[in-house]
Amino acid sequence: MTKDITTLVEDIYNLFDDETVPDIDVVTEHVNTFCLEVGKQLVSSLFEDRKKDNNLRLSAIGKPNRQLWYKVNSIEKSEPLQPSTKIKFLYGHILEELLLFFTKVSGHTVEGTQKELDISGVKGHQDAIIDGVLVDCKSASGRGFEKFKYNKVVEDDPFGYIPQISAYAEANGLDKAAFLAIDKSTGEICLTPVHSLEMINAKDRVDYLKKMVVSPDMPDRCYSDIPDGKSGNHKLAVGCVYCDYKQSCWSDANGGKGLRVFNYSQNKRYLTQVGREPDVEEVNL
């Protein structure tokens, strides 16, 4: 009997029910595919991700305009990721592969994994089509997972997930899509449907970006800096902190001296204006 995606999470959980015994031949078949895909992720994280890629990708069309302009036009290397961050991304990818493995073993139809898509010459790769629905797998934790669980991604989408899944669905000619998300910390899984009315017109966005990134005119900053408590200092907004090009973008900070970075106990703080010197170590970049 053909399964429906609405029962997917329940069916995955049932794999771990003591009363349910999966077919060993089915599990073995899909384990081999899972191991192969995880191997590809390991190789990619150790080698291929070190190559600089200046091309627009469908996965990135939801990112802010200025960040994409820098990605295409910057001649300097982007800020290198910390090894711990690379490892975090790696196990995130492995968890997403695990979701597809569970989906197959639980009897749902999985097609088109990593199929290359194209909109106006900009390419990308989808995760899969599950039971006829375009699905993008995500791993998150804490508040990030809660946005998927309670269907709040449309309201709070700093990473551009809605434009990304809109592009994948549009390239397939589909009006239904969903996120299949797993909490990195708890193992909880949820399915978040995305209605066609919540999607953007991906082709219009791609066509605009293709013109924007080749223009000599740099777009306005994505975010303004914000007060750092009551110190009188100003710091980067969260959206800028995780951008590879923040040093170049904010080179005019602190009277033209650029960003000043201080090593607080929880994280590095990037100050654009220092009115009162912090009582922590300054990091020289």
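Remarks
- Selection over the range 226-285 of residues that are free of Cβ contacts under 8 Å to residues at least 12 places away in the same chain and crowded, with 16+ Cβ neighbours inside 10 Å gives a count of 1.
- Checking each residue of the range 171-183 against the condition of being assigned to a helix (DSSP H, G or I) and not assigned by TED's automatic domain parsing to the domain that holds LYS246 gives at least one match.
- Qualifying residue in the range 93-115 (condition: modelled with pLDDT under 95 and within 25 Å of CYS240 (Cα to Cα)): yes
- Screening VAL274 with (1) under 30 Å from the mean Cα position of the chain (by Cα); (2) under 25 Å from ARG66 (Cα atoms); (3) of a type outside the set (S, T, N, Q) gives one miss only, at (1).
- Of all residues in the range 134-166, those satisfying the criterion of being within 16 Å of LEU197 (Cβ to Cβ) and among the hydrophobic types (A, V, I, L, M, F, W, C) are LEU134, VAL153, VAL154, ILE162, ILE165.
- GLU76 vs. criteria at pLDDT 95 or above and either over 30 Å from LYS211 (Cα atoms) or surrounded by fewer than 17 Cβ atoms within 10 Å (Cβ to Cβ) (or both): no
- Here the range 184-216 is the region considered, the condition is being part of a loop (DSSP other than H, G, I, E, B) and of a type in the set (Val, Ile, Thr), and the residue that is farthest from PHE101 (Cα to Cα) is VAL214.
- Residue in the range 4-18 that is modelled with pLDDT under 90 and exposed (fewer than 11 other Cβ atoms within 10 Å of the Cβ) present: yes
- Against the conditions (1) closer than 17 Å to ILE200 by Cα; (2) in contact (Cβ under 8 Å) with a residue 12 or more places away in the chain, LYS152 satisfies every one except (2).
- For the range 232-283, filtering for residues that are part of a loop (DSSP other than H, G, I, E, B) and either in the same structural domain as PRO64 (by TED's automatic domain parsing) or not polar (S, T, N, Q) (or both) leaves 21.
- Answer residue from the range 141-178, given it is within 12 Å of the chain's Cα centre (by Cα) and modelled with pLDDT of 95 or more and is surrounded by the most Cβ atoms within 10 Å (Cβ to Cβ) among those: ILE165
- Here MET199 clears all of (1) within 15 Å of the chain's Cα centre (by Cα); (2) closer than 27 Å to TRP69 by Cα except the condition numbered (1).
- Identity of the residue in the range 82-118, charged (D, E, K, R) and either crowded, with 18+ Cβ neighbours inside 10 Å or touching a His at 6+ places or on another chain (Cβ under 8 Å) (or both), that ends up farthest from ALA181 (Cα to Cα): GLU116
- Residue that is surrounded by the fewest Cβ atoms within 10 Å (Cβ to Cβ), among those in the range 182-223 that are farther than 23 Å from GLU155 by Cα and among the hydrophobic types (A, V, I, L, M, F, W, C): VAL214
The values are calculated or read from the model by the stated rules, or taken from the named source; none is laboratory data. Here the structure is a predicted model, which means the values were calculated and not measured. Note that we place each Cβ from the backbone using ideal geometry, even for glycine, and neighbour counts take in every protein chain shown.
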